[in-house]
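Each remark here refers to the structure printed beneath this line.
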Amino acid sequence: MNLTCYYYSYKLRGDWDVYPPSVTTTMKRNAQKVLSFQVTNSGNGETGPISIDLPDVEWMSVMGGDTLASIAPGDSVAFNISLFPDENVPLNEYSGNFAVNCANGNGFSIPYTIQATSDSTGVLVVDVTDDYTYNTNNGHGPHLAGASVSVVGYYSLKTVAQGLTDSDGIFRIDTIPEGYYYLTVRAQSHSEY
């Protein structure tokens, strides 16, 4: 009796566990923020040299260099990413992936969402006028007292301020952080703005 057997041999390879697996955070202009990660080789072989690839932006870098030494099975290594936006970085939300690749294993990505913030503040004044009579007096319609005003962070969707307009139709926030906001104005018997 002849028996044919096939034997497959696979090279021992590195595999990954990473903590944290994703990042959602803020960063302030003109201030450094450090993001720390730990990578564990959960595979059955060495990883070989590890490279960390970041988006091409001036305010983001890998601390200590973007290449790490090989990790043996069961071992871990930590790395840090520095965020240091200057005053010219727009106050936007930035999303993407940090890529981690190795010579002997599969690469992986770490998704991130980072919102740029500022220590600068300003004043917000909302002047609510009656939308039904606004155009009847060259754009100087009567002011609407008791209108509900809500200011919500554009990216966070958190309420920053809310209240009612005063007897002159004015709602004022004396100190509001620089940034983007949703503004909602509601009044009984009027269209929402």
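Can you give me the long-range amide H partners of Val160? Hydrogens built in the peptide plane at 1.01 Å from N, cutoff under 5 Å, separation of 5 or more residues or another chain.
Val151, Val152, Gly153
Measure off, as a whole percent, the carbon and sulfur share of the 1.4 Å-probe accessible area of the chain, all protein chains present. Present the calculation step by step, with values, prior to reporting the outcome.
On the way: 5830 of 12120 Å².
Its accessible area is 48 percent carbon and sulfur atoms.
Rounding to the nearest 20 debye, state how big the charge dipole of the chain is about its Cα centre with +1 on each Lys and Arg Cβ and -1 on each Asp and Glu Cβ. Don't jump to the answer; show the numbers that get you there.
Numbers: 8 positive and 20 negative charges, 118 e Å.
The calculated dipole for the chain is roughly 560 debye.
Projected onto the charge dipole of the chain (+1 at Lys/Arg Cβ, -1 at Asp/Glu Cβ, origin at the Cα centre), which of Ser76, Tyr155, Val185 gives the Cα projection farthest towards the positive end?
Ser76
How much accessible area per residue does the stretch 9-123 have, counting only protein heavy atoms and a probe of 1.4 Å, in square angstrom? Each step should come with its number before you reach the end.
Working: 6160 Å² over 115 residues.
I get 54 Å² per residue for this part.
Explain nothing, just compute: Karplus ³J(HN,Hα) = 6.51 cos²θ - 1.76 cosθ + 1.60, θ = phi - 60°, for every residue of the stretch 148-162 in order, whole Hz, x for Gly and Pro.
My calculation for the stretch 148-162 gives 8, 10, 10, 10, 10, x, 4, 9, 7, 6, 9, 5, 8, 7, 7 Hz in order.
Compute the distance in nm between two label points, each set 7 Å from the Cα along the Cα-to-Cβ direction, one at Asp15 and one at Asp174.
Taking the simple label geometry, Asp15 and Asp174 are separated by 6.0 nm.
Quickly rank 155-161, 144-150, 90-96 as a protection proxy: mean count of other C-beta atoms within 10 Å, highest first.
Put in order of decreasing packing, that is 144-150, 90-96, 155-161.
Taking amide H positions as placed in the peptide plane 1.01 Å from N, state which residues far from Ala145 in sequence (5 or more) or on other chains have amide H under 5 Å from it.
Those qualifying (amide H under 5 Å, at least 5 residues apart or on another chain) are Gly169.
Using amide H atoms built in the peptide plane, which far-off residues or other-chain residues are under 5 Å from Asp15 H to H?
Ser42, Gly43, Asn44, Gly45
If DNA, RNA and ligands are ignored and the probe is 1.4 Å, what is the ranking of Lys28, Lys33 by accessible area, most exposed first? It would help to have the intermediate numbers written out before the result.
Details: Lys28 95, Lys33 65 Å².
Greatest to least solvent exposure: Lys28, Lys33.
The values are calculated or read from the model by the stated rules, or taken from the named source; none is laboratory data. The structure displayed is predicted, hence computed values, not measured ones. Here Cβ is always computed from backbone atoms with ideal geometry, including for glycine, and neighbour counts include all displayed protein chains. Keep in mind that these areas ignore ligands, DNA and RNA; they rest on the heavy atoms of the full protein, side chains included. Shrake-Rupley method; radii C 1.70, N 1.55, O 1.52, S 1.80 Å.
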